[in-house]
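Quick note: the coordinates plus some simple rules give every number you see, no bench work behind them. Keep in mind that what you see is a predicted model, and the values were worked out from it rather than measured. Ideal geometry is used to build each Cβ from the backbone, glycine not excepted, and the neighbour counts take in all protein chains shown.
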Amino acid sequence: MLTVAIVGRPNVGKSALFNRLAGRRIAIVHDQPGVTRDRIGAPATLTETPCELIDTGGIGEGVDASFADAVTTEAELAMTSADLILFVVDARTGLTPTDEAIARTLRKASAPVELIINKSDNKEQELASSEFARLGFGNGLATSAEHGRNISEMASLVDHHLAPLHEKIQEAEATTEREGLKIAVVGRPNAGKSSLINGILKDERTIVSNIAGTTRDAVDIPYTRDGERHTLIDTAGLRQRSKMDTSVEVFSAMRTERSVRRSDLCLLVIDLDAGVAAMDRKIAQLIKAENKPCVIIANKWDLFHPDLPKHERLEKANAHLRKELFFLSYAPLVCVSSLKRQSLGLIFKQIKEVRQSAANPLTTGILNRLLQRAFEKNPPSQNKTHRKRLKLLYATPAVNDRYRAIPVPEILIFVNDKRLLSENYRHYLENQIRQSHPYPGIPLNISPRSRRDLKSE
């Protein structure tokens, strides 16, 4: 969802404007400075364009930083995550050095910035506020959150900026719906990739052979299903570079890597009968490194412990694959036999679940409450090197590319010092998030930001 950040120094009326745009009074509570509050985000009800409001009031105050550092951090937070920034100043107090400091930071923002001159209760105060034009954001819109003055005009201003973005997103989603997904079918040689595609297509469109490495190139194959025009990318099987005996194989491997990068989703085909090999793990790591949605296809299911009951076979397959591909824990597992065309329909059923999950991301408010509970449940230990504890200031969900067919979320967490976030604690936070919002098939990236980084940008 598009986001609108409301920034400015304390006591200029940010929270009051936040409540006005939200259409209801929302309590914003923080018992001590620097602790994430119970509610930070809320959907706007006065705007025609769907968007989420973010009130940055008081974020970071008093946490190992001066007042000037805190307000700069607020502005940087908005610049990082917002599609529109409302910069609020106080008409009664007039222009202050802190306003000018925030303005200098906001001038670097890629998102548009609108100046809101709050507490303009009458025409006289509005006329006296011309000095704010020095900030470089135009004459600004005079409002009074207390008396409801020009609030509808402020909502229209938000719509003016966000409506085109919203239309662009809808057009991209509609295009995605028509064109479908680019699905890369990847795996080591002879895992059954081409047989899998033939089974999906129900014909012999690709060359199938028991000779490893038959497919030399990445082949794009159109496939229509449920009214969507997908593209299946049949890739050459990857082998270790040291075992590639011809330049053709090297170039084939490079094309496979490019196919992964340009895909919307990867189907990682594993020869379940042979088990997970080192090359399977290498391909899985490539998918993880490229931040791609993924479904693991356990192929040759018909050959895997055929004499055991089905539930025992499933348990064994799941245990083996989860142990060997632990870094792809987010990827759901589908057991199939491409040769006998068993359970192939489950693949697209799983892909549908991945897409639906990606289309319903966490909101800012839910994310902050979830992480706050995670920190309270299991506080981070003191870092022995820096002799400090990690402190969470604020978190916001972002999307690496909102126009991708399957948007991949990134969780931005703003902390006192990102060096204090250990890998173990990062995994703990990811697990806590996934317990509430599983995101099947979707990589979940927790990206820490600290004041040190914000100052150096």
**Q.** Extension gain, Arg373 back to Ser447 (0.36 nm per residue minus Cα-Cα distance, nm)
**A.** 24.8 nm
**Q.** Candidate lysines - alpha carbon under 16 Å from Lys391, same-chain residues fewer than 8 apart omitted
**A.** Lys377, Lys418
**Q.** Sites matching chymotrypsin sites (Phe, Trp or Tyr not before Pro) across segment 362-418 that sit in DSSP coil, with at most 15 neighbouring C-beta atoms within 10 Å
**A.** Tyr403
**Q.** Relative packing of peptides 220-233, 265-278 - highest average C-beta neighbours within 10 Å first
**A.** 265-278, 220-233
(Q) I need the peptides 287-296, 378-387 ranked by packing, meaning the mean over residues of other C-beta atoms within 10 angstrom, with the highest value on top. (A) 287-296, 378-387
Q.
Starting from 0.36 nm per residue, how many nanometres of slack lie between Ser381 and His160 once their C-alpha separation is accounted for?
A. 74.9 nm
Q: Just order 147-155, 45-53 by mean Cβ neighbour count inside 10 Å, highest at the front, would you?
A: 45-53, 147-155
(Q) Give me the one-decimal nm value for the distance between modelled label points at Arg225 and Ser422, 7 Å along each residue's Cα-to-Cβ direction. (A) 4.3 nm
